[in-house]
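The values are calculated or read from the model by the stated rules, or taken from the named source; none is laboratory data. Keep in mind that what you see is a predicted model, and the values were worked out from it rather than measured. Cβ atoms come from the backbone with ideal geometry, glycine included; neighbour counts cover every protein chain shown.
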Amino acid sequence: MGCDIHAVLQEFNAQHNIWVTLIKDVFPNRDYALFSFLSGVRGCGGPYDDIATPGLPTDFQVDAQMHHDGFFIGEHSFGHILVSDFCDASTPDLSDEKKFEVETYRTGYTVTWLDGNEDDEYYWIRQYQAALRAFFPNDSERFRLVFGYDS
C-alpha cells in the first residue's frame, strides 16, 4: 500500500559549509514499510524500524508551506539520516523470515507460505540500500536523506 513519504538527497559542500540538494523525491515507491523503517510511522515497531533521527535538521531550509527548493517535504513526522547509516541498517534475514512449500502440477505450481508472511516488506528497502551504496561507495557520510510524511 502506498503512502506519501517525501525525501531529498543532499550533499555537504565543505567549501561553503552548507548542504546542497542533489535529488528531490528520492523514493519512487512510497510504501509504509519504508516509512516505518525510517521513522517507525505506521509500522509494527519491530527491531528493524525507526533508524533515522527525528525532526528536520536545524540547517534544513523550508518555507511556510513546507517546501524545500520548490519540493513539498511533507507536513509531519520529519526525519533525517546519513546515507551511510541508511545503507548499513539491518533488515530481516529472509532465510529466517520466509518459509514456504512449492507444489508442482501439470498446469503450473502453487507456493504456500508457511509463516503467513506473503510479502517481503523490506524488498524495496534493500534495493534502495544497494542503489545508494553503488552510487556513493566511498563518501556516503557526506550525503544525507531528509524526509517528511503527509498522510
Looking at (1) among the hydrophobic types (A, V, I, L, M, F, W, C); (2) modelled with pLDDT of 85 or more; (3) assigned to a loop (DSSP other than H, G, I, E, B), which is the only condition residue 27 fails?
-> (2)
What are the residues in the stretch 1-24 that are touching a helix residue (DSSP H, G or I) at 6+ places or on another chain (Cβ under 7 Å) and at pLDDT below 85, if any?
-> 1, 3, 5
Mind checking which pairs have a first residue in the stretch 121-145 that is on the phi < 0 side of the Ramachandran plot and among the acidic types (Asp, Glu) and a second that is in a helix (DSSP H, G or I) and surrounded by 12 or more Cβ atoms within 10 Å (Cβ to Cβ), Cβ under 6 Å, 6 or more apart or different chains?
-> 121/33; 141/84
